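The block underneath contains the structure these notes are about, expressed in structure tokens.
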Amino acid sequence: MRTLTEIAASVEAGDSAKIKELTRKALSQGHCPEKILDDGLVQGMSAVGEKFKSNEVFIPEVLIASRAMNVGLEILRPLFSSDRAHLRGRIILATVKGDLHDIGKKIVGMMLEGAGYEVIDLGIDVSMGNIVRAIKTNRPSVLGLSALLTTTMSYMREVVEAVEHAGLRRRVRIAIGGAPVTRSYADEIGADGYAPDAASALELVKRLLSKV
Ligand code: B1M
């Protein structure tokens, strides 16, 4: 447990080298990747979020912490991946236009890949035009949208409308998530579902695909 607490502290300190060392150490001690993710890396980022909120740290520190967290995520990623990829369905993920947050979406992607879905991550700040083009090209079963800002979450509605206008809405289920997003907002914009965290996102995708 001590190693996980140290991982959280290293995310807060933005110490990438230490995170690399401690994430490997935690694995060698037998901690499962989910626990290292939740009780180490995510715990550390939540603490950074609290400090950011109360003006104890500022953007540069948050950015350094998120880069350090990414180092840990990349070590864990292969452990979530599954050789069953391509079997259960294809999912496109995107952080919507104007929004640069992608840590949570990456975790969602890792969980989905681990469960045997093929994930195409379009990245951050993705416009509706690019999303529509990607759906036409890749024909996914589910589109997952992420937004962390109250100001960018409204763009999700525009994406849903653009998918509709392109005549693609029947072809793809739309799931949305991110800290400010709620189930009622998903209903309001005509998305097919909402997930508050990565584990729920996996459940949601399974549920949506079972209805196809
Ligand atoms: Co920003 N930021 N940030 N930030 N940032 C927040 C979101 C904020 C809540 C901080 C705060 O004030 N307390 C606040 C938003 C306020 C609001 O609108 N409600 C905020 C702000 C204001 C800003 C800026 C505007 C600051 C500024 O410039 N003045 C700016 C905006 C930039 C932009 O996007 N245009 C900004 C910038 C940044 C950084 C670039 C420095 C960095 C992002 C780096 C990166 O992602 N690569 C950053 C970070 C790291 C945060 C906090 C501290 C942490 C976010 C995070 O990674 N959480 C955040 C505070 C907080 O959340 N406590 C904050 C950990 C992650 C595991 O959780 O992302 O919630 P989360 O993902 C979860 C679920 O939400 C869900 O599953 C994930 C895993 O369980 N989920 C989905 C997410 N996407 C999903 C999609 C799905 C399903 C589930 O689809 C199916």
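The peptide list 70-78, 106-114, put in order of mean Cβ contacts within 10 Å with the highest first, becomes 106-114, 70-78. Hey, for a label at E74 modelled as a point 7 Å past Cα toward Cβ, could you say which residues of segment 1-16 have their backbone N under 19 Å away? Inside the label zone: 7-8, 10-16.
Compactness of the chain is given as radius of gyration and Dmax, 17.4, 53 Å, from Cα positions.
For the listed peptides 32-38, 163-169, a ranking on the average number of other beta carbons within 10 Å per residue, highest first, reads 32-38, 163-169. Applying both filters, DSSP loop and at most 16 other Cβ atoms within 10 Å, to the chymotrypsin sites (Phe, Trp or Tyr not before Pro) of segment 9-101 gives F58. Report the normalised scattering of segment 2-85 as log10 I(q)/I(0) at q = 0.11, 0.13, 0.18, 0.26 Å⁻¹, calculated by the Debye formula with identical scatterers on the alpha carbons. The Cα Debye sum returns log10 ratios of -0.28, -0.38, -0.67, -1.18.
Can you compute the helix-only [θ] at 222 nm over the chain? Use -39500 (n - 2.57) per DSSP H run of at least 4 residues, normalise by all residues, nearest 500 deg cm²/dmol.
Rounded to the nearest 500, the figure is -17000 deg cm²/dmol.
One Cα centroid belongs to segment 138-212, the other to segment 1-31; the line between them spans 33 Å.
Going down the list K105/K136; K51/K105; K25/K206, which pairs span over 27 Å between their C-alpha atoms? From the list (K105/K136; K51/K105; K25/K206), the Cα-Cα distance tops 27 Å for K25/K206. Per-residue accessible area (protein heavy atoms, 1.4 Å probe) orders Y117, Y155 as Y155, Y117, starting from the largest.
Accessible surface for the chain, divided over its residues, is 50 Å² per residue with a 1.4 Å probe.
The values are calculated or read from the model by the stated rules, or taken from the named source; none is laboratory data. Source: prediction; values computed, not measured. Backbone-built Cβ (ideal geometry, glycine too); neighbour counts: all protein chains shown. The accessibility values were calculated without ligands, DNA or RNA, using every heavy atom of the protein model including side chains. Shrake-Rupley method; radii C 1.70, N 1.55, O 1.52, S 1.80 Å.
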